Amino acid sequence: MIEYQNVVKEYQDNGALIKAVDDLSLQVESGELVVLLGPSGCGKTTLLRLTNRLEDLTAGQILINGQNILEQDEVKLRQKIGYVIQEIGLFPNKTIAENIGMVPKIIGWSAERIEKRVQELLEMMNLDADLFKDRYPAQLSGGQRQRVGVARALAADPELLLMDEPFGAIDPINRKEIQDQFLHLQDKLQKTIIFVSHDIQEALKMGDKIALINNGQVVQFGTPEEILLEPANDFVQDFVGTERAMKALDLVQVTEIMHEVEYKYKGLAVQDALTWFRKKNNEYLLICNRDQKPLGYVSHQDLVDDYAAEAVIDDYIRDLYTVLHPQDTLKEALNVMVTNEVTTLCVVEEGALVGVVKFADLQDYLSKNYRREHQELKKA
Amino acid sequence: MIEFLINNWHQALVLAGEHLFIVLVATSLAAAIGIPLGILISTKEDWAPVVINVANIIMTIPSIALFGIMLPLLSIFNAGLGTVPVVIALILYSQLPIIRNTYTAIQNIDPAVVDSAKGIGLSTWRRLIEVELPLALPVIIAGLRIAIVMNIGIVTIAVYVGAGGLGKFIQRGIDQVYEEQIMAGALLVALLAIVVEALLYGVEYLVTPAGLKEGQQHD
Ligand SMILES: Nc1ncnc2c1ncn2[C@@H]1O[C@H](COP(=O)(O)OP(=O)(O)OP(=O)(O)O)[C@@H](O)[C@H]1O
Ligand SMILES: [Mg+2]
């Protein structure tokens with residue numbers, strides 16, 4: 001756990017006083033990935049550099065796992081904290097393998113162990129180990145170098161990682177892949193990570209929590225959902241941008257807009273179904289078995305020509321093809337609807353029906369969000 | 001002149017060896033002082049202008065004047081003439097190129113590289129050995145090269161305070177009004193300087209880290 005308590009960092013710049021970090025307090029729980037998000041110059045890099053003591057605090061204190069960082073030897077402290085600097089900063093005189101293996105080497109790992117680790121990290125970073133390990137940084141592209149920078153920070157398996165825009169120089173396709181891989185890795189490793197970004201999209205994707213920073217202060221600290229859906233003030237509002245409604249698609253789960261639906265059980269007489277259709281003026285009827293497992297639906301159209309007195313609807317059930325799960329997002333719902341050309345989807349949890357989502361509900365949700373956005377913009 | 005050299009090749013070799021020996025001993029001592037000083041002022045920014053200015057002032061003292069100043073002082077130890085004042089003078093003159101090159105070489109290392117080295121937990125020593133010195137070495141060697149070539153010239157003049165070396169040909173040639181001998185001495189000094197300079201260029205290339213030699217394929 002990292003605790004920032006009333007942290008202040010001032011710089012003297014030609015007589016002018018710059019408050020790069022201004023009485024900032026923040027708590028990062030163990031195993032949590034917190035994104036520091038904010039405009040250029042808001043103090044993100046400074047906060048990282050205070051954490052590993054590359055800069056000295058003007059006031060306040062920083063505790064790592066309850067221990068004040070000033071009470072620790074600064075070199076030892078840094079060896080325990082993986083650091084990816086914004087400018088990458090690989091050692092040009094060392095090969096890629098030597099760059100990655102630097103910290104393991106100085107803390108005394110054996111050569112074989114380092115070699116294995118280098119191999120593993122390069123693969124993790126999507127770089128062909130055999131091809132790259134003996135190259136020098138100058139022989140790599142910017143994005144490749146950045147990945148080596150991340151590998152170097154991870155090398156000695158630090159509990160805590162400080163990452164300053166680690167994927168900024170990587171092209172969008174590779175970036176997405178690296179982000180996914182990194183998240184996957186983080187699922188397993190559960191490291192405590194402070195991740196600087198000024199890309200809202202990246203922050204939403206990567207962060208367990210996001211700390212929105214402005215002028216050296218935390219403006220809002222919360223989950224991506226909270227930041228998006230309940231922006232604390234105009235600054236956050238502006239920062240998350242006018243596409244918020246669209247972005248919400250990524251974050252809001254189908255359970256938010258799903259509603260209950262009337263259904264009938266298997267074995268229903270066609271006669272009764274027809275009565276139901278007439279009464280409800282509906283076109284489709286959902287059919288479940290006794291465990292609430294949706295089996296399919298029947299269409300009014302299929303039934304009207306059929307008058308066999310004792311018939312049951314079981315023969316008329318059409319397949320659902322695809323269902324949603326509660327944790328699916330609105331975006332996934334929209335995607336499924338568009339690709340399967342359906343307008344209603346069942347939401348199923350552990351085999352049982354919990355509700356349905358209709359295309360109209362999606363539309364409603366979006367337009368409501370959009371209207372709110374516009375009203376707030378007009379007010380501003 | 002060719003004739004003179006053919007007749008005196010043995011002595012020419014001895015004097016050239018002597019010449020080179022004085023230069024190398026002096027420059028080694030100078031490096032042992034100047035390189036650490038250069039490293040030191042690269043970490044103590046405030047001292048840098050002071051140290052470099054002092055080295056600069058020393059450099060502007062004409063060598064004859066420097067020998068003149070040293071003569072009475074060193075006479076106390078009975079060393080006013082001979083190799084000692086020459087070596088001391090060379091050490092003093094060498095300071096500027098050695099300190100300045102060491103200092104600028106370390107200063108010019110990409111701050112991001114130094115920062116990341118610090119940030120991932122390299123101690124000051126470690127950083128110097130693993131990163132800063134290897135990156136600075138070619139420029140430091142260039143400083144040594146400048147010092148050595150300069151010193152080859154100064155030793156020639158230092159023959160007047162009793163140092164050995166190729167200056168002896170020139171001195172004797174002047175005394176005996178023997179032009180061939182003067183020219184032979186001058187030619188040999190020039191040749192020595194050129195050869196040594198070329199060799200040191202080679203060393204400079206050799207110590208350039210492989211990662212910097214490969215050229216910049218990507219930006
Ligand atoms: N060494 C320094 N001396 C003087 N001012 C500094 C120094 N380092 C940072 N600052 C100032 O402190 C403020 C915060 O800088 P910082 O680098 O932390 O911003 P940032 O949020 O990382 O920005 P970016 O997104 O552009 O990287 C800026 O106004 C910057 O100019
Ligand atoms: Mg920054």
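The values are calculated or read from the model by the stated rules, or taken from the named source; none is laboratory data. The shown structure was predicted, so the numbers you read here are calculated from the model rather than taken from an experiment. Please note: Cβ atoms are built from the backbone with ideal geometry, for glycine as well, and neighbour counts cover all protein chains shown. Note: areas computed on protein heavy atoms with side chains; ligands, DNA, RNA excluded. Shrake-Rupley method; radii C 1.70, N 1.55, O 1.52, S 1.80 Å.
Side notes on the structure shown:
- Residues of the range A:176-205 satisfying the condition of being more than 14 Å from chain B (Cβ to nearest Cβ), open to solvent by less than 60 Å² (accessible area, probe 1.4 Å), within 16 Å of ligand 1 (Cβ to nearest atom) and within 17 Å of residue A:86 (Cα to Cα): A:195, A:197, A:199, A:202, A:203
- Scanning the range B:25-34 for any residue that is at pLDDT below 95 and of a type in the set (S, T, N, Q) turns up nothing.
- Considering the range A:1-81, the qualifying strands (runs of 3 or more DSSP E), each wholly inside and each with 1 or more residues that are away from ligand 2 (no atom under 16 Å from the Cβ) and more than 27 Å from residue A:104 (Cβ to Cβ), run over A:2-13, A:16-28, A:59-64.
- Candidates A:70, A:33, A:48, A:54 - the one that is surrounded by 15 or more Cβ atoms within 10 Å (Cβ to Cβ) and more than 14 Å from chain B (Cβ to nearest Cβ): A:33
- Scanning the range A:96-114 for residues that are open to solvent by 20 Å² or more (accessible area, probe 1.4 Å) and on the phi < 0 side of the Ramachandran plot yields A:97, A:98, A:105, A:106, A:107, A:109, A:110, A:111, A:112, A:113, A:114.
- Of all residues in the range B:204-215, one or more are open to solvent by less than 40 Å² (accessible area, probe 1.4 Å), outside any helix (DSSP H, G or I), within 14 Å of chain A (Cβ to nearest Cβ) and at positive phi.
- Residues of the range A:162-175 satisfying the condition of being more than 16 Å from ligand 2 (Cβ to nearest atom) and open to solvent by less than 50 Å² (accessible area, probe 1.4 Å): A:170, A:174
- Any hit, the range A:87-101, residues being within 26 Å of the chain's Cα centre (by Cα) and either within 16 Å of ligand 1 (Cβ to nearest atom) or not in a loop (DSSP other than H, G, I, E, B) (or both): yes
- Residue A:167 aromatic (Phe, Trp, Tyr), within 16 Å of ligand 1 (Cβ to nearest atom), closer than 26 Å to residue A:80 by Cα and more than 14 Å from chain B (Cβ to nearest Cβ): yes
- For the range B:120-146, the candidate set comprises residues that are open to solvent by less than 30 Å² (accessible area, probe 1.4 Å), at the interface with chain A (Cβ under 7 Å from one of its Cβ atoms) and in contact with a helix residue (DSSP H, G or I) (Cβ under 6 Å, 6 or more places away or on another chain); within that set, the residue that is farthest from residue A:160 (Cα to Cα) is B:131.
- Any hit, the range B:177-195, residues being more than 14 Å from every other protein chain (Cβ to nearest Cβ), open to solvent by 30 Å² or more (accessible area, probe 1.4 Å), in contact with a Lys or Arg (Cβ under 8 Å, 6 or more places away or on another chain) and farther than 24 Å from residue B:60 by Cα: yes
- Qualifying positions in the range A:164-174 - touching a residue at least 12 places away in the same chain (Cβ under 8 Å) and within 23 Å of residue A:128 (Cβ to Cβ): A:166, A:167, A:168, A:169, A:170, A:171, A:174
- Within the range B:106-119, the set of residues being in a helix (DSSP H, G or I), without any contact (Cβ under 8 Å) to a residue 40 or more places away in the chain and open to solvent by less than 60 Å² (accessible area, probe 1.4 Å) comprises B:112, B:113, B:114, B:115, B:116, B:117, B:119.
- In the range A:222-239, the residues that are touching a residue at least 60 places away in the same chain (Cβ under 8 Å) form Cβ pairs under 6 Å with partners that are assigned to a loop (DSSP other than H, G, I, E, B), at six or more places apart or across chains, as follows: A:234/A:380; A:237/A:231.
- Filter result for the condition that a residue is touching a residue at least 12 places away in the same chain (Cβ under 8 Å), part of a helix (DSSP H, G or I) and under 28 Å from residue B:12 (Cβ atoms), over B:187, B:135: B:187
- Filtered residue count, the range A:105-140, keeping only those that are in a loop (DSSP other than H, G, I, E, B), under 20 Å from residue A:178 (Cβ atoms), in contact (Cβ under 8 Å) with a residue 40 or more places away in the chain and not charged (D, E, K, R): 3
- Among the candidates A:173, A:257, A:227, the residue that is out of contact with any Cys (no Cβ under 9 Å at 6 or more places or on another chain) and within 16 Å of residue A:33 (Cβ to Cβ) is uniquely A:227.
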